[in-house]
């Protein structure tokens, strides 16, 4: 199984101005904004990996070697799921086929991670035996303004810690989240079902 970012977020949950204030930088000096923006993007990625969630709305592509057996459930990574864009598979003849939501499969986006199962009376179709025979494309995440405040604070704290230690980060990239950021993110972590 693979999961890749197809369309990256177009906005972040914390503004550069907020980061300047959090890092106690002079608001009139914008010379560090590029570095803050880079740390912000990296902090969001770290927060996503720690929580198993997509923090800000993005499109992801998940590939599976086949459908789960016996009408099993597909659980897309990186909740919350906003919508399924497409669910395609390579049939036994080698042709790509598309399934239709509501006819071939149903989506339960209310749980995290979401559940995708065959519709009533349906079963997952047979696929060609090959790697990446099933491709799920979906939109996930939250609008930047709807990101919970503890996650926003965690991201700001991570950026502030990295900004403070930026000279040592040039020699070695960060391996772990700062403790304060981790404590703020832990309640939002999605554990495997």
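The values are calculated or read from the model by the stated rules, or taken from the named source; none is laboratory data. No experiment lies behind these values; they were computed from the predicted model shown. Heads up, the Cβs are rebuilt from the backbone with ideal geometry, glycines too, and the neighbour counts pull from every protein chain shown.
For the reader, a short list of remarks on this structure follows.
- Considering the conditions (1) more than 30 Å from residue 119 (Cα to Cα); (2) under 21 Å from the mean Cα position of the chain (by Cα), residue 24 is excluded by exactly one of them, (2).
- Residues of the range 83-110 classified as touching a residue at least 24 places away in the same chain (Cβ under 8 Å) and within 17 Å of residue 188 (Cα to Cα), total: 1
- Here is the figure for the range 126-146: residues that are within 22 Å of residue 109 (Cα to Cα) and surrounded by fewer than 21 Cβ atoms within 10 Å (Cβ to Cβ) total 8.
- The set of residues in the range 26-56 that are surrounded by 17 or more Cβ atoms within 10 Å (Cβ to Cβ) and out of contact with any helix residue (DSSP H, G or I) (no Cβ under 8 Å at 6 or more places or on another chain) contains only 48.
- Hits in the range 81-94 (condition: surrounded by 18 or more Cβ atoms within 10 Å (Cβ to Cβ) and in a loop (DSSP other than H, G, I, E, B)): none
- Residue list for the range 17-36, restricted to those being assigned to a helix (DSSP H, G or I) and without any contact (Cβ under 8 Å) to a residue 24 or more places away in the chain: 17, 20, 21, 33, 34
- When the range 95-111 is limited to residues that are farther than 12 Å from residue 74 by Cα and surrounded by 14 or more Cβ atoms within 10 Å (Cβ to Cβ), the one that is nearest to the chain's Cα centre (by Cα) turns out to be 101.
One line per residue, one yes/no per condition, for (1) more than 21 Å from residue 32 (Cβ to Cβ); (2) in a helix (DSSP H, G or I); (3) modelled with pLDDT of 90 or more:
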residue: 152; (1), (2), (3): no, yes, yes
residue: 163; (1), (2), (3): no, yes, no
residue: 167; (1), (2), (3): no, yes, no
residue: 177; (1), (2), (3): yes, no, no
residue: 185; (1), (2), (3): yes, yes, yes
residue: 193; (1), (2), (3): yes, no, no
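- Checked against the criterion of being touching a helix residue (DSSP H, G or I) at 6+ places or on another chain (Cβ under 8 Å), more than 22 Å from residue 139 (Cβ to Cβ), surrounded by 13 or more Cβ atoms within 10 Å (Cβ to Cβ) and not assigned by TED's automatic domain parsing to the domain that holds residue 130, the range 7-18 has at least one qualifying residue.
- Flag if residue 60 is closer than 30 Å to residue 35 by Cβ, touching a strand residue (DSSP E or B) at 6+ places or on another chain (Cβ under 9 Å) and part of a strand (DSSP E or B): yes
- Residue match in the range 115-135 (condition: in a loop (DSSP other than H, G, I, E, B), touching a residue at least 60 places away in the same chain (Cβ under 8 Å) and within 30 Å of residue 179 (Cβ to Cβ)): no
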